[in-house]
Structure formats: structure tokens, C-alpha cells
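Everything on this sheet refers to the single structure shown next.
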Amino acid sequence: MELSEHIEQVKRENPGVRVDCYVLFESHTDAMQLYELVRNAGLGARISTTPRQARSSCGVALLVSCDDAEAIHAIAEDEHVFVENIVALPNQINPNRDVYC
Amino acid sequence: MAIDRHELWGNLGMDLETHDQLCAVLPQAFGDVFLSQENRPEGMAFWDMVVADVHGIRPQELVDEQAKGRKVFGTFCTYVPDEVVIAGNGIVTGLCGGSQFWVPDGEKYLPADMCPLIKASLGARMGKTCPFFRIVDQIVGETTCDGKKKMYEIMAEDVPMYIMNLPNMKRPQDVAAFADEIALFKANVEEITGNEITAEKLAEAIKVINERRKALARVYETRKNGDVIPISGTDALLMMQIAFFDDPVRCAEMANKLADELEQRIADGVSVFPAGTKRILLTGTPLAIPNWKLHHIIETSGAAIVCEENCTGTKFFTNLVDESQDTLEGMYQALAERYMKINCACFTPNKARIDEVLQLAKDYKVDGVINTNLKFCTTFKTEAPALEKVLEEAGIPVLDIETDYTDNDAEQLRTRIGAFVEMLSEK
């Protein structure tokens, strides 16, 4: 499935909920390299843990706006940074949940 | 496929199935606590990366260094002089102990009415669910509290332990005794690493750790600004928590980079909290990673933490070791003098802590103090009334909180902290 199609599908399945995109990597060095490139390109990105809903193993991911996901994927391809996957998920963040480690 | 850490963890003899349960909850907690914040400093990216793969990136580095022949020393406490280990070309790492996840395994060996930090530490080792506890060649304990001392006896049956005898008074003869203790530790490090520690090597290590202290202090210095709060307390706490685990040179580099940005934020008037947000000094027991509960609750209740007076705060970096000594004996004394200035509740008397908290409250221009105590930490609990009396006499409102690692008092804490912040707003 194309990335844009995947994002639209997740949005359709979660009406009224913000949908975020997580860029997944094989290694943290790829993640940090793309983070720098994306920030230098003036796009938003935040270092994140890999959500369990996106992949069963932990690791470093980038949390980005799905509006920028295609552009970020293009930067990764142009700069030969290996991206394992880009996954759209309904909002995973809830500061009032009060569930800690 | 992503790098699978299971091979690393399996080789370390970890309980993979149980450890996966911890891996499953970390992303959600990290997102709720850190990614819910707005306008975080760019310099937090490094610290976020470390915690995002906290049981992968640094443990792999440690294992790689062990393969080259270096030895890893695990420590619990700010009183163990990292300088000695560094001088022996060893590596110091913090150990797991900040999550309720590890407490039940600790309670298999320890009484339930013991502080969660101690129970979690033993549980993380015995339950085989912390890579740092599996990697270490030796663990270095210290005689700071009775609970830890007795816990070490149990842990010593499972892993090589070395205990430093920390005097519990601060007379000149106590400082001299700790200098002797550092000399003994030097011999232990030489034995474990096989490397001789010369005066030149120890002098260089003292500089390395002093540079880390200066860098962390620079970040804290920016939090004294009364108009701009350039970093949340939660982010500053994360930096401090990771400082216990990271390579000290890299840690100093990253803390300095963060401080550069925070200083620029002050110049530009960039604050992470609205003007008028109440400023809190948090004092008391340590907050080992990933214990973010209290910081998160306070900072989502209308207040900002601008200083932590605890082992995962100012105690870790305040006071430098004198760099002018050129003999080993002189350096042992200089190290002892610096470390014995840490004002832990294990000392008697400990009035210096009260004086320090009062001074920090003024320096960081706080509106109120929250004095927190991990349940069953008798020493900090006992000196709380004396501390709070002095603060109240100085006109500084104070809230006393006792908590542990569980989530089930979160709502009660929100109510109490919310009321405290509201009271501050009415002053």
C-alpha cells in the first residue's frame, strides 16, 4: 500500500482523532541522521520511542506530521538513509493517563 | 528488520519474556511524559535517543568495550568516586532501580516495608530484567543507608560486590577516613582492571568528571532565570538520569550543547511555560530512571520544577574536586573533601542540607518547595520536619509528599499538588 493511501486509511478508521506518523529504522544512527536532515530542511520531527502498535521491538523512531511524511520519505531516499517503515497511528499521547513505567 | 536486541539480552542471560513486558510500557510512558510537552529544546534529541533505546544503545556500547578488555563498574550512588574507575580505564554505569516493574522481584528477598529504590534495584538484578545489572564486572555499593547495606549482602551472593565505607559524620577525621577508603577502592579498581592508577591518570580523570559537573551545572544555571524557563524540569531530570549511565566525556559535550541552546533561549525570551507559572524546587529522595511520575504530575498541574535538590539533581554536580594536587594521597583527600560535601540524609547532623535547600530556593527564585520522600526512606522522612520548619520560617511554602513507584496515588497527588499550586497563586 502506498504511504498516502495508508495514512488516509488510518484517518478514515479513526474519525475525529489526530493521526501521527512514526518513521521506523533499523538503527538509532539512521534515526539521528534523518532527524538532522529533516530539521535542516525546516520540517518538524521529534525523537520518539517506537510505539508498540507500530512494531513489537523497541528502538528509536521519529514522530512526524503525516502531512510531511511523503517529503521526509523523499529526503531519506535522496540522502540514502534507510527507513524501515513509516506507520500512521491514531494519537498515542495522553498526558493525563498517569500510567508510568 | 530492526536491530534485534534480543540476541544481546539473551547473551547477557536476561529473562527475555519478562523484560519484553517492560519494553512494552516504556514507549507509552515516554510519549505521555515527554512528547506531550511543547517547544522542547532541540538539544533534548540526544537524551531522547538514549532513553528511546535505553536497554539497547548504551548496553551494546558497554559490551563492545568489554570485548576490548575494559571492565564495567555498576554504581548506585553519588558517593562512589567515578574518577577512580576512569583512571583505571574502567567504565562506570548507573544501574536500574526507578520502576515499579522491578519491585516484586525485589520483594522476593526483601521486606515489603523497604524503600522502592532498594527493592527495585535488587529485583532488577535477581529478576534478570536489566542489561546493566547483567553486564557489570563488579558492583560498587556504599554504606549510605541500612536498607542498602543489607540488600548488598543478598546481592553479593549473585554478583561480585565491593562496598565502600562512607562515614556518617563529617568531622575532619571522617573526611580523612573516606580518603583512606578511596585509596582502598583504587587498589580494588587496579585489581579488577589490571591497570595501574598513577597520579597522572587520576589527575586526568578528575578533570574529566569535573568537566561533566561544569556542563550539567551550566544547564541548571539557566533554570535560575526568573523570567524565562528555558527547559522543563522533566527534561532536566531526564538529562540527569542519563548522566549516570553515559560516557562522561560525551555527557559533558551534550550537556554543554544543551546549555548553549538554553542560554540562547534566555536571550531570545523563549520559555516552555507561560509567564507567571509557579516555580518549584523539588528536594528529597532520588528519582532513578524511569521515575518521572512526580515531575510529570507537577508540571501538568500548573507549576514548573526549576531545580532538583537530590542525587539526580544538584548533589550529582555541585562542588568540583580540587585539581591542584599532584600526588595520589593529595588527590584522595581532594576527592574525599568534595564527596563528603554532599548533604545526604544518611549523615548526622545534616543541617548543611537545610542551609543548601534554603540557598537554592533563593538562587532559583522559587515560589514553593516540594519535599518528596520515597516510602520507607527513614532518614529523609525523619529530617523532613526540620527542613520544612526552616522553609516556612523563611516564608517559603512547602508541600510534603510521600510516594512510591506505583501509579495508584497519581490522582491523590494531582489533587494535593493542584491545591498547593493554587495556594501559591493566591499568595
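None of the figures in this text is laboratory data; all of them are computed from the coordinates on show. Because the structure is a prediction, the values reported are computed rather than measured. All Cβ positions, glycine included, derive from the backbone under ideal geometry; neighbour counts span all protein chains shown.
Here B:Glu153 and B:Arg250 are evaluated by their C-beta separation; at R0 = 41 Å the FRET efficiency comes out at 0.75.
Close amide H pairs (under 5 Å, H built 1.01 Å from N) link B:Gln138 with B:Val72, B:Gly74, residues at least 5 positions away or on another chain. Sparsely packed loop sites in region A:1-40 (the GluC sites (Glu not before Pro) outside DSSP H, G, I, E and B with at most 12 other Cβ atoms within 10 Å) comprise A:Glu2. The charge dipole of region B:52-426, taken about the Cα centre with unit charges on the Cβ atoms of Lys, Arg (+1) and Asp, Glu (-1), comes to about 320 debye, rounded to the nearest 20. The shape of region B:149-264 can be summarised by an equivalent ellipsoid whose semi-axes, obtained from the alpha carbon gyration tensor, come to 33, 18, 17 Å from longest to shortest.
Note on region B:148-200 and region B:313-363: Cα centroid distance 18 Å, given to the nearest whole angstrom. In summary, chain B shows an alpha-carbon radius of gyration equal to 0.94 times the 2.2 N^0.38 Å reference for compact globular proteins.
The charge dipole of the protein assembly as shown, taken about its Cα centre with unit charges on the Cβ of Lys, Arg, Asp and Glu (plus for the first two, minus for the last two), comes to roughly 1340 debye. Checked against a 22 Å cut-off, the cross-linked pairs B:Lys224/B:Lys278; B:Lys278/B:Lys341; B:Lys148/B:Lys207; B:Lys119/B:Lys375; B:Lys224/B:Lys315 give Cα-Cα distances beyond that limit for B:Lys278/B:Lys341; B:Lys148/B:Lys207. Within the protein assembly as shown, the percentage of alpha carbon pairs spaced more than 47 angstrom apart rounds to 9%.
As a length-normalised measure over Cα pairs under 8 Å and 6 or more apart, the relative contact order of chain B settles at 18 percent. Distances between every pair of Cα atoms in region B:247-311, grouped in 5 Å steps from 0 to the bin holding the largest one, split as 4, 14, 17, 19, 24, 17, 5, 0 percent.
When you filter the trypsin sites (Lys or Arg not before Pro) in region B:57-96 for DSSP loop state and at most 13 other Cβ atoms inside 10 Å of their Cβ, you are left with B:Lys68. Once you order the gyration tensor axes a ≥ b ≥ c over the Cα atoms, which shape class does chain A get: rounded for a/c under 1.5, otherwise prolate or oblate by comparing a/b with b/c? It is oblate, given that a/c is not under 1.5 and a/b is not larger than b/c. Between B:Lys365 and B:Val208, the FRET efficiency estimated from the beta carbon spacing at R0 = 45 angstrom works out to 0.90.
Restricting the GluC sites (Glu not before Pro) of region B:122-158 to loop positions (DSSP other than H, G, I, E, B) with no more than 12 neighbouring Cβ atoms within 10 Å leaves B:Glu157. Take the Cα of B:Arg171, go 7 Å toward its beta carbon, and the backbone nitrogen atoms of region B:325-362 under 13 Å from that spot belong to B:348-349. How big is the gap, in Å, between the Cα center of region B:73-92 and the Cα center of region B:272-297? With region B:73-92 and region B:272-297 each reduced to a Cα centre, they are spaced 28 Å. Think of each Lys and Arg Cβ as +1 and each Asp and Glu Cβ as -1; about the Cα centre, that makes the dipole of region A:14-101 roughly 500 debye. Between the amide H of B:Val92 and those of B:Phe73, distances stay under 5 Å, these residues lying 5 or more places away or on another chain, with hydrogens modeled in the peptide plane. Here B:Val390 and B:Asp137 are evaluated by their C-beta separation; at R0 = 45 Å the FRET efficiency comes out at 0.55. Taking the DSSP beta bridges with both ends in the protein assembly as shown, the antiparallel portion is around 35 percent.
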